[in-house]
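K.L.:
For reference, the structure I am asking about is given below.
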Amino acid sequence: MKQHSSRQKGLFAILTALALSYLYPWLYMLMRSFMRHEPGQSDGQGLFTLDFYRLVLGNAGFPTYLFNSFLVLTVVLVANVVFSVMVGYAFARYKFPFKNFLFWMVLVTLMVPKQTLMIPLLDLMVRLGMHNTLWALILPFCVDGFNLFLMKQYIQGLPADLEDAARTDGAGEIGILWHVIAPLSRPAIAVLIINTAIINWNSFLFPLILTDSASVRTLPVALAMFSQGPYATDWGALMAGAAVSSLPIIAIFWLFQKEIIEGITSGALKD
Amino acid sequence: MIGKTRRVGPIEKSQQVLLFLSPWLITFAVFWLYPLIFSLILSFCDYDVFHPALFSFAGFKNYLRLFSDRDFIQSFFNTLIFVIGTTPVTTLLALTLALMVNSVTRGSEVFRSIFFLPSIISIVVTATIFKSLYSPVGALNSLLAIFGLPGHAWLVEKNLALPAIMLMNIWAYTGYYMVLYLAALKAVPRQLYEAAEVDGASDWQQFRYITLPQIHYMTIFILTVNTIRSWQVFPEVFTLTRGGPVGSTNTLVHHLYETAFRYHEMGYSSAISYVLLAIIMIFSLLQMYVLQGIGRKKGKRQ
Amino acid sequence: MYKTVIKSILLLLLLVPALVQGADVELTFWNFWDPKFILPVIKQFEKDNPGVKINNEQVSWGNGLDKIVVAMANGRAPDICELGSTWMGKFMAEGALLDVTDKFCDLKPDYMMWEPATMNGRLYGMPWLAGTRVMFYNRTLFKNAGLDPDHGPETWAELLEAARLIHNPEKGLYGFGMNAGEGHILYKKFMPFAWGNGGKIIDENDAMVFDSPLNREALDFYLRLKEFSYCEKQDLLDEAFKRGRLGLAISGSWNFARYPIDAPELDFGVTLMPKPAKDKGFSTSFFGGEILVLFKSCKDPDVAARFVRFLTTVENTLPITREALVSFPAHKGAYKDAMFTNDPRLNVFVEQMKTAVHPPVHRLWIELEKIINNTVERAMYGESPDVVFADAKREFARVAQRDSNGAAAVANASGSAAGAVVSAGQNGGSSQVLLLTLIGVGTLLNAILLLFLIYEVKKNAS
């Protein structure tokens, strides 16, 4: 038992050291967003100021950008959760023609550099009449290849006995999906939510290309606009903007990380 | 896996499959197929954005040009180094962190969150922070000075810039993959360990013969996704170095980006893009082949 | 239940693009500035011109060019657009811009920076904002090093000497701030030395003369200066200067907006760029700015030109200059404003602009820029100047060859519809496009199926 606790102490010490190195850039970001520098001063010295936050939050368009980002994120999140479980289940458990081909197409969407698709995707959106609307930022991203891949892998790793048991009890396929697979996949769904939130919330390239007007602008594009000058970056504003815009993702992570850890242990798998 | 209990008829089943697959099929057909084919055709054409109405078929000219393009060759090797240097390290580190966070009794929730924090901010902001961290008067050099080590201008010295970006990339993504591993670790049924303990298996044996095979599907996922992302490294390079100094951090996506948007050679840029796609595909195929092989072997031994 | 329905309908409505108001003429204007500068001007213009609507859309500095290029490729270029003056050579040569000679040429006496908007004697844009770089120096560090804080260096030798005296890396002090690790802007920093020495990039006969002895001399000096330099990126150089770590740095007026607020204690001076020697060469710097252009697809060139004329007036341009201090009005009348006459430091910029040089307005400037940057950067990283200059010449020959091939192809394509040339109009493709599409799909499918087959076979074999 004694050996065990000394091992715990060692672990704790290593983790603390690592955690500090992971925390440092964050502290640096917060510091830069709150402080001005005097000549000759090094990092960590300076005058406290809220000016950068005022600059970011006081921007006339800020509520619009925030609302747009939230709206896009909410729709994309809900769609991804529902669709990824459905499609992932199909890929994981069924046999159907062209299955491997279709799955490779999922991977191709991850593998092809996004920069190459910018011109044709804008062309497509213009033809569909979605250019410069929030639809262009929502519809193509409702089913994400990464999430499909994740769900497929996860569901494949689940034991099949529960499904078979449900089938014996006469449950339909949709019933199995929602009453057996979805609850069992809660940790993966939590990962999926966090992942989608990060990617969508920080998404820059496609919103930049697919929208023009300030009324449909999202937060990352707006932040890039007022922290980048023609020749210089406004560090304080960039850091304050980054700090503000990371808050919702931190909230989502805190909400769902418990799912990742606790979901499965309290689930039916133990039986 | 599919026992004799599956009583669904073939027709009904194919309808179910189609229903379940339809979100993906529709999205792919509407939003992906056209851009993919469009850019593939472009890669066989001379296409100048200034004259979008005129593009001429160029055969394999764009693909042949790759062989004589020194920037392409350099960026290929830079990217290869990047992939080989970051993917295994990130994955191993993520697994190690996950195991450590999983078994520490005090503050595991706090550690989990701290390690995950970097993946929350957009990589552009992370890169901006690292730009000042890596400057000659930045924090990294101050830290090295404490240990009496000489400082460097990390992003300015030719041989250090790429490793510096790789280090940042590892830092930024480890926490993310750690959380994926944590989710997988939690799904390993506890009885397996209990049974092993009764058999007197050591920690290493438990890890080797229970944990690793049980989370193998996640390893496949993480390695595949991580490899794909590493091959496409771009925002880091664009923010930190724009391929410099002297091309030492030029990566394939950065090269194709410059070709397209700075030099306006869309056809050539698409060709680079499809070569990259082919490289990633071959890499992923090999990876999956090897990993699944390992998985089966492990399964047998178990 | 019906509440949810109403809510979702409201949500859907929000997704619909802003409803287009009825206006006789509606023009889109893309620019890089905070809308607070532009919107009041538009409002006034719309009031003076009933029936006209201008849609202002801001583009970010980091990705502005991408966005313009993508829009252009999709035939969605804006009616009026702000372009960096160094992009003009390419855009003009490719015929993307509307000839506006008769719309603006009467303004020539009042404005500067016409050179980058002119090609073959025709005018393709209206100068809006102009800027240059000068030498910044830290007066405190000058005093501490025993140098005269009231006079910055006037010659190359004085610059080198000042940098040498101040340079003390152990104490965290550096003589000169030299751009490194960001090759794409090196030409702005190096060419002033070359131009001041009489060097050129392209001569009158369109031949590349970048490898001249004069430029070689400038590069040799630049490399000597590197010994006493802090090598970093522009924003980190500005930052280091702000913190009093740099003796000298070439930078722009944007620092005037930040230094007094961020570092009120910083005692700095600005001076003209040094010339090669007291009796040799001249003081010069990089000159460039923002040009307003009308794309060929502009819906109403007359109204657009009227708007451009209105926007570029002194009273509509000065607010931008005042706040960000990045660029100055291209209108010469602006310099009578108290803002310039009362500020000796800003006057240094005005003075420098008179001798500053705009990079060649050349159809291949973007490629030339890369060649110059590569040359300087490779030399900075230790390669022999002989080798890098020779490579520059060779690389330009290659680029020019490719360019003439491309130009021939374009001429051929527009001349005849024969051969393999496909004309894919903006409003749909021809049958050949369809054919190409099918070939493309076929190739893609085949390649993937092949890979898949190999994969399956191997899987079964193992």
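K.L.:
So, of the residues in segment C:240-268 that are over 15 Å from C:G177 (Cβ atoms) and more than 10 Å from chain A (Cβ to nearest Cβ), which turns out to be surrounded by the fewest Cβ atoms within 10 Å (Cβ to Cβ)?
P.N.:
Step by step, filter segment C:240-268, then rank; the result is C:P260.
K.L.:
Inside segment A:117-180, counting only helices (runs of 4 or more DSSP H) that do not spill past its ends, which hold 2 or more residues that are at the interface with chain B (Cβ under 9 Å from one of its Cβ atoms)?
P.N.:
In segment A:117-180, A:145-157, A:161-168, A:173-176 are the helices (runs of 4 or more DSSP H) which contain 2 or more residues that are at the interface with chain B (Cβ under 9 Å from one of its Cβ atoms).
K.L.:
Could you please find all residues in segment C:41-66 being farther than 30 Å from B:V237 by Cβ and either assigned to a strand (DSSP E or B) or acidic (D, E) (or both)?
P.N.:
The answer is C:E46, C:D48, C:V52, C:K53, C:I54, C:N55, C:N56.
K.L.:
Restricting attention to segment B:24-47, which residues are more than 7 Å from chain C (Cβ to nearest Cβ) and within 28 Å of C:F295 (Cα to Cα)?
P.N.:
B:Y34, B:P35, B:F38, B:S39, B:L42, B:S43, B:C45, B:Y47
Each row is one residue, and each column tells you yes or no for (1) modelled with pLDDT of 85 or more; (2) within 20 Å of the chain's Cα centre (by Cα); (3) more than 11 Å from chain A (Cβ to nearest Cβ); (4) buried (at least 19 other Cβ atoms within 10 Å of the Cβ).
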| residue | (1), (2), (3), (4) |
| --- | --- |
| B:T126 | yes, yes, no, yes |
| B:S135 | no, no, no, yes |
| B:F147 | yes, no, yes, no |
| B:P163 | yes, yes, yes, no |
| B:M168 | yes, yes, no, yes |
| B:A195 | yes, no, yes, no |
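K.L.:
Quickly run through segment C:207-240 and pick out the residues that are part of a helix (DSSP H, G or I) and of a type in the set (D, E).
P.N.:
Within segment C:207-240, C:E217, C:D220, C:D235, C:D238, C:E239 meet the criteria.
K.L.:
Do you know which of the residues in segment C:345-384 that are more than 23 Å from C:N255 (Cβ to Cβ) and of a type in the set (K, R) is modelled with the lowest pLDDT?
P.N.:
C:R363
Yes/no per residue for (1) closer than 21 Å to C:T312 by Cα; (2) among the hydrophobic types (A, V, I, L, M, F, W, C); (3) within 11 Å of chain B (Cβ to nearest Cβ); (4) out of contact with any helix residue (DSSP H, G or I) (no Cβ under 6 Å at 6 or more places or on another chain):
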| position | (1), (2), (3), (4) |
| --- | --- |
| C:V69 | no, yes, yes, no |
| C:G75 | no, no, yes, yes |
| C:E82 | yes, no, no, yes |
| C:E94 | no, no, yes, yes |
| C:P116 | yes, no, no, no |
| C:F142 | no, yes, no, yes |
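K.L.:
Restricting attention to segment B:43-74, which residues are among the small types (G, A, S) and part of a helix (DSSP H, G or I)?
P.N.:
Answer for segment B:43-74, where residues must be among the small types (G, A, S) and part of a helix (DSSP H, G or I): just B:S68.
K.L.:
Could you please let me know if C:G95 is surrounded by 17 or more Cβ atoms within 10 Å (Cβ to Cβ) and touching a Lys or Arg at 6+ places or on another chain (Cβ under 8 Å)?
P.N.:
no
K.L.:
Here's another thing I want to ask about it. Quickly run through segment C:319-330 and pick out the residues that are closer than 24 Å to C:L27 by Cα and not in a helix (DSSP H, G or I).
P.N.:
Within segment C:319-330, C:P329, C:A330 qualify.
K.L.:
So which residues in segment C:87-103 are β-branched (V, I, T) and closer than 24 Å to A:D212 by Cβ?
P.N.:
Within segment C:87-103, C:V100 is the sole residue that qualifies.
K.L.:
Looking at this structure, is A:A224 touching a strand residue (DSSP E or B) at 6+ places or on another chain (Cβ under 9 Å) and surrounded by fewer than 23 Cβ atoms within 10 Å (Cβ to Cβ)?
P.N.:
Here the answer is no, as A:A224 does not meet what is asked.
K.L.:
Evaluate the following for A:V76: is it more than 9 Å from every other protein chain (Cβ to nearest Cβ), in contact with a Gly (Cβ under 6 Å, 6 or more places away or on another chain) and touching a residue at least 24 places away in the same chain (Cβ under 8 Å)?
P.N.:
For A:V76, the condition - more than 9 Å from every other protein chain (Cβ to nearest Cβ), in contact with a Gly (Cβ under 6 Å, 6 or more places away or on another chain) and touching a residue at least 24 places away in the same chain (Cβ under 8 Å) - is not met.
K.L.:
Please verify whether segment A:178-193 includes one or more residues that are farther than 30 Å from B:I123 by Cα and more than 24 Å from the chain's Cα centre (by Cα).
P.N.:
Yes, segment A:178-193 contains a residue that is farther than 30 Å from B:I123 by Cα and more than 24 Å from the chain's Cα centre (by Cα).
The values are calculated or read from the model by the stated rules, or taken from the named source; none is laboratory data. The structure presented is a predicted model; accordingly, all values stated were derived computationally and were not measured. Don't worry about glycine lacking a Cβ; one is built from the backbone with ideal geometry, like all the others, and counts go over all protein chains shown.
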